[in-house]
1. Right, Lys43: assigned to a loop (DSSP other than H, G, I, E, B) and either surrounded by fewer than 13 Cβ atoms within 10 Å (Cβ to Cβ) or touching a residue at least 40 places away in the same chain (Cβ under 8 Å) (or both) or not?
2. Name the residues in the stretch 1-25 that are part of a loop (DSSP other than H, G, I, E, B) and modelled with pLDDT of 95 or more, would you?
3. Return a yes/no flag: does the stretch 55-67 have any residue that is assigned to a loop (DSSP other than H, G, I, E, B) and either surrounded by 14 or more Cβ atoms within 10 Å (Cβ to Cβ) or of a type in the set (A, V, I, L, M, F, W, C) (or both).
Amino acid sequence: MEKKKKLKGGMLITARDIQIITGSISDESARREHRTVRDALGKTKPRLSIKEYCDYWELNLEETLNFLNENR
């Protein structure tokens, strides 16, 4: 069985992570996108997991985790 890598920085996605994933989005746009996903999922707290974000945008979770680990 393959050992999974530990995610750097925790399992919650931040606006900064969204900037890293998208490449060149402004701080405000990243915060707005974070809020949009939370609202669409009916979240009442300002926390959003990387998995929830990936599911919403239909991103491959494993690829996203690897990308964030390399770039956080």
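1. Numbers: assigned to a loop (DSSP other than H, G, I, E, B): yes; either surrounded by fewer than 13 Cβ atoms within 10 Å (Cβ to Cβ) or touching a residue at least 40 places away in the same chain (Cβ under 8 Å) (or both): no.
In short, no.
2. At the first step, the residues of the stretch 1-25 found to be part of a loop (DSSP other than H, G, I, E, B) are 1-11, 13-14, 23-25.
Listed by number, the residues that qualify are Ile13, Thr14.
3. Taking the stretch 55-67 as the starting set, the residues that turn out to be assigned to a loop (DSSP other than H, G, I, E, B) are 58-60.
With the extra rule that they be either surrounded by 14 or more Cβ atoms within 10 Å (Cβ to Cβ) or of a type in the set (A, V, I, L, M, F, W, C) (or both), the set shrinks to 59.
The answer is yes, given that some residue of the stretch 55-67 is assigned to a loop (DSSP other than H, G, I, E, B) and either surrounded by 14 or more Cβ atoms within 10 Å (Cβ to Cβ) or of a type in the set (A, V, I, L, M, F, W, C) (or both).
The values are calculated or read from the model by the stated rules, or taken from the named source; none is laboratory data. Here the structure is a predicted model, which is why all the values come from computation and not from measurement. Heads up, the Cβs are rebuilt from the backbone with ideal geometry, glycines too, and the neighbour counts pull from every protein chain shown.
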